[in-house]
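Participant: This is the structure, below, for whatever I ask next.
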């Protein structure tokens, strides 16, 4: 395996990835991403214990324990370019040995849950209600730079969207892991009224 150059994986003086300012041990296996940096504390205030609080630019991270489960809440800022930075650095944190600067032999998958705000097209979904999406649709072309095999269901949904919206370009769709909504529900049940 070839060594990853310093210009391709920037580590700061404390041995943390540059943008997130995190070291591997400061990251939980389940990561909740939010856009707004101020929203991180709105989640972590429900933690039983906060172990890590880091901030670099718009990237704010709190890692802690809630109900016996270790979680990381992380702000991504706005836009697909920032989200791309976050996802790449999260991947580096779990899948690259920072000492040897090589990809680990056994790769780790994180549970990543995106929590954000959105509008609604359905009249029966009110303001401040929780919605768990089964799929994510993008028209920004970012995912097209990554290997992604569409399931039959995703291909059908995407074709329906393209036909209905009469969109040009190369949109993409991906399904959420079935476990995501149950993880979110268990983690924040105490926070709900």
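The values are calculated or read from the model by the stated rules, or taken from the named source; none is laboratory data. Note that the coordinates shown come from a computational prediction; the quantities given were computed from them, not determined experimentally. Ideal geometry is used to build each Cβ from the backbone, glycine not excepted, and the neighbour counts take in all protein chains shown.
Participant: What are the residues in the stretch 85-118 that are over 16 Å from the mean Cα position of the chain (by Cα), assigned to a loop (DSSP other than H, G, I, E, B) and on the phi < 0 side of the Ramachandran plot, if any?
Facilitator: Within the stretch 85-118, 98, 99, 100, 104, 105, 106, 107, 118 meet the criteria.
Participant: Among the residues of the stretch 134-160, how many are touching a helix residue (DSSP H, G or I) at 6+ places or on another chain (Cβ under 9 Å), surrounded by fewer than 13 Cβ atoms within 10 Å (Cβ to Cβ) and over 25 Å from residue 78 (Cβ atoms)?
Facilitator: Summing the residues that are touching a helix residue (DSSP H, G or I) at 6+ places or on another chain (Cβ under 9 Å), surrounded by fewer than 13 Cβ atoms within 10 Å (Cβ to Cβ) and over 25 Å from residue 78 (Cβ atoms) in the stretch 134-160 gives 0.
Participant: Could you count how many residues in the stretch 1-26 are in a loop (DSSP other than H, G, I, E, B) and under 15 Å from residue 55 (Cβ atoms)?
Facilitator: Selection size over the stretch 1-26: 9.
Participant: Tally time: how many residues in the stretch 47-58 are surrounded by 14 or more Cβ atoms within 10 Å (Cβ to Cβ), modelled with pLDDT of 95 or more and in contact with a strand residue (DSSP E or B) (Cβ under 7 Å, 6 or more places away or on another chain)?
Facilitator: Total satisfying the criteria: 6.
Participant: If you don't mind, there's one more thing I want to ask. Could you list, in sequence order, all residues of the stretch 45-78 that are without any contact (Cβ under 8 Å) to a residue 40 or more places away in the chain, under 16 Å from the mean Cα position of the chain (by Cα) and not in a strand (DSSP E or B)?
Facilitator: Result: 58, single match.
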